[in-house]
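I have placed the structure first, in the form of structure tokens, so that the comments after it can refer back to it.
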Amino acid sequence: MRDAFMRLLEFRHACKLFDETRTLARADLDYILEAGRLSPSSLGLEPWRFLVIEDRALRRRLRSACWNQSQITSASAVIVIKALKAELRLETGYASRMLRRLVASDAELEEALEIYRGIAHQSRAAWSVAQCHIAAADMMLAAAALGIDSCPMGGFEPEAVAQLLGIDLGQVEIALLLALGYRAQPQPARHRLPLGALVEYR
């Protein structure tokens, strides 16, 4: 299993050009989305929502809002990962409802809410986006397990994407876009710093 997991990491790369003649099977797309659903999130609040864009005409219009990157139109599908924002306010009750599933008593609920108040006192949007990145990583590995390529995309104009897709930026942040499909070219050489340059033990 260790070797198999490493092979997934080696297979996965930020694919810049997909084979436009190949499409994803719905079962495979559902498998990838399920990996996102099962991802861990701080306090189990699952602050992500997934918008899948398969329509080619819509993706052609979306491309101009994404710095004209070819992944948008050559991919088989693009997942827009939305990070909850407004719903995370304490007064909405969302956090309480989600936390209630995980605790056994009112005392435990209050303890968890106190932790959440510390999070909410800072930047809810930034916290929510960070959780969405965890889900994106799991979806990319799930795609790799199926031999499907991916590209996480942070290069886009949020307001333009939101206007095109009817997303209310007062309610959510667009965390990132995830393009999925099959590579059209061989995987380029991988460049990573050695472990010794990254890790410190104390």
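Just so you know, all these numbers are worked out from the coordinates, no wet-lab data involved. None of these values were measured; they are calculated from a predicted model. Here the Cβ positions follow ideal geometry from the backbone for every residue, glycine too, while neighbour counts run over all protein chains shown.
Descriptive notes on the structure:
- Cα-based values for region 9-185, radius of gyration first and Dmax second, are 17.4, 56 Å.
- Based on DSSP H segments of at least four residues, each scored -39500 (n - 2.57), the chain has a per-residue ellipticity at 222 nm of -13000 deg cm²/dmol.
- Net length gained if the chain between K16 and R89 were fully extended (0.36 nm per residue, minus Cα distance): 22.6 nm
- Long-range Cα-Cα pairs in region 146-191 (distance over 13 Å), rounded percent: 66 percent
- Using equal-weight Cα scatterers in the Debye expression, the normalised intensity of region 1-113 in log10 at q = 0.16, 0.21 Å⁻¹ is -0.93, -1.17.
- Residues D138, D106, sorted so that the one with the fewest Cβ neighbours within 10 Å comes first: D106, D138
- Residue order, fewest to most surrounding Cβ atoms within 10 angstrom, among E91, E111, E54: E91, E111, E54
- To the nearest ten degrees, helix 124-145 and the longest principal axis of the Cα atoms of the chain are 40 degrees apart.
- As a rough footprinting exposure proxy, the listed residues W127, W67, W48 were ranked by other beta carbons within 10 Å of their own, and the order from fewest upward is W67, W127, W48.
- Difference of contour (0.36 nm per residue) and Cα-Cα distance, S64 to E200: 44.7 nm
- Where both bridge residues fall in the chain, DSSP classifies roughly 95% of the beta bridges as antiparallel.
- Region 177-182 - phi-based ³J(HN,Hα) in whole Hz, Karplus 6.51/-1.76/1.60, Gly and Pro as x: 10, 10, 8, 10, x, 10
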